[in-house]
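Here the structure comes first, spelled out in structure tokens, and everything after it is commentary.
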Amino acid sequence: MAKKIIGIGAGGHAKVVIDILRLSGLWQVVGLVDQDARLWGSKVLDVPVLGGDDFLSELRGQGVGHAFIGVGAGGNPGDARRRAELFNQLSRAGFQMTSAVHPRAVLASSVRVGQASTIMAGAIINPSVEMGCNVIINTGAIVEHDCKIADHAHVATGAHLAGQVSVGEAAHIGIGAIIRQGITIGQDAVVAAGAVVVKDVEPGVLVAGVPAAPLKLRSPL
Ligand code: JB2
């Protein structure tokens, strides 16, 4: 029998995660919570938006023991850290957080997927990749052999990571970015869409362009 699960956030990312969970046949998504009261009473792919985060304890009391983080990260300062906070909040509230792997993603057998991670359709993850918790590998991204992706990081749609790239905690690799072999991307760093990264990126720095160069230091998160 499908297990009941609720999602945090009622936007675009939640929609994609709901789709993946349904494809697995293992989950019944019974509702979403969103901090935006204007969304309460609306539906996302037929899943009702029940209320705000206050509603979580009530759902837990009703026996819903599983949750997913449906809040994504668009690369703005604080996005990925917000996802980290939600991860901690749900853990404290006693929810088990599931991973969602699209059936058409390709994962080598040696890949380690951490708790609460999402791997979208068409992603390819090659041998010996290690991924932390609450990671997003978005649609069609390629993560080559021996990469390390730390907790709460987001590899956005169509980004390509060559072998042995290391992505720090809560870092963001933008849409279509290319990261050369062996590069280290620091924690909380942001690689802009379409950038080609040929040098290591320091923590908290935003890089853009071809070849990628720092734009400005981000404020401490
Ligand atoms: O702390 C929160 C919270 N923070 C944001 N608690 C709850 N319950 N909800 C929260 N939200 C809600 O997440 C916002 O009010 C909003 O409704 C939703 C985020 O929706 P949005 O469509 O703006 O973005 P997203 O996070 O679903 O997707 C982003 O990341 C994806 C990976 C976008 O950049 C997408 O394009 C991208 N594919």
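The values are calculated or read from the model by the stated rules, or taken from the named source; none is laboratory data. This one's a predicted model, so the numbers in the text were calculated from it and none came from an experiment. Methodologically, a virtual Cβ is constructed for each residue, glycine included, from the backbone with ideal geometry; neighbour enumeration extends over all protein chains shown. Heads up: the accessible areas ignore ligands, DNA and RNA and are worked out on the full protein's heavy atoms, side chains in. Shrake-Rupley method; radii C 1.70, N 1.55, O 1.52, S 1.80 Å.
Summed over the stretch 89-118, residues that are of a type in the set (Lys, Arg) and either assigned to a loop (DSSP other than H, G, I, E, B) or touching a helix residue (DSSP H, G or I) at 6+ places or on another chain (Cβ under 7 Å) (or both) total 1.
Considering (1) farther than 25 Å from Ala108 by Cβ; (2) touching a Cys at 6+ places or on another chain (Cβ under 8 Å), say which one Gly194 fails and leave the rest. Among (1) farther than 25 Å from Ala108 by Cβ; (2) touching a Cys at 6+ places or on another chain (Cβ under 8 Å), Gly194 violates only (2).
Checked against the criterion of being modelled with pLDDT under 95, open to solvent by less than 50 Å² (accessible area, probe 1.4 Å) and either assigned to a loop (DSSP other than H, G, I, E, B) or touching a helix residue (DSSP H, G or I) at 6+ places or on another chain (Cβ under 8 Å) (or both), the candidates Gly122, Gly75 yield just one match: Gly75. The set of residues from the stretch 44-69 being in a helix (DSSP H, G or I) and at pLDDT 95 or above is empty.
With the requirement that a residue be surrounded by fewer than 24 Cβ atoms within 10 Å (Cβ to Cβ) and within 15 Å of Asn138 (Cα to Cα), what does the stretch 165-191 give you? Matches in the stretch 165-191: Gly174, Ile175, Gly176, Ile178. Screening Gln96 on (1) within 14 Å of the ligand (Cβ to nearest atom); (2) at pLDDT 95 or above shows it passes everything except condition (1). Residue count for the stretch 85-107 satisfying the condition of being open to solvent by 10 Å² or more (accessible area, probe 1.4 Å) and either among the polar types (S, T, N, Q) or within 16 Å of Gln35 (Cα to Cα) (or both): 8.
Collect the residues in the stretch 131-149 that are over 17 Å from Met97 (Cα atoms) and either part of a loop (DSSP other than H, G, I, E, B) or of a type in the set (Gly, Ala, Ser) (or both), keeping them in residue-number order. Scanning the stretch 131-149 gives Asn138, Thr139, Gly140, Ala141, Glu144, His145, Asp146, Cys147.
When restricted to residues that are in a helix (DSSP H, G or I), among the aliphatic types (A, V, I, L, M) and open to solvent by 30 Å² or more (accessible area, probe 1.4 Å), the stretch 1-32 contains 2.
When you scan the stretch 209-216, do you find a residue that is modelled with pLDDT under 95, over 30 Å from Arg22 (Cα atoms) and not polar (S, T, N, Q), even just one? Yes: the stretch 209-216 contains one or more residues that are modelled with pLDDT under 95, over 30 Å from Arg22 (Cα atoms) and not polar (S, T, N, Q).
Among residues of the stretch 49-74 that are near the ligand (Cβ under 10 Å from one of its atoms) and of a type in the set (Gly, Ala, Ser), those with a beta-carbon under 6 Å from a residue that is open to solvent by less than 20 Å² (accessible area, probe 1.4 Å) and part of a loop (DSSP other than H, G, I, E, B) at least six positions away or on a different chain give the pairs Gly70/Gly9. For the structure I just gave you, tell me whether Pro214 is surrounded by fewer than 21 Cβ atoms within 10 Å (Cβ to Cβ) and in contact with a strand residue (DSSP E or B) (Cβ under 6 Å, 6 or more places away or on another chain). Here the answer is yes, as Pro214 does meet what is asked. Condition check for Gln35 on (1) part of a loop (DSSP other than H, G, I, E, B); (2) crowded, with 19+ Cβ neighbours inside 10 Å: one failure, at (2).
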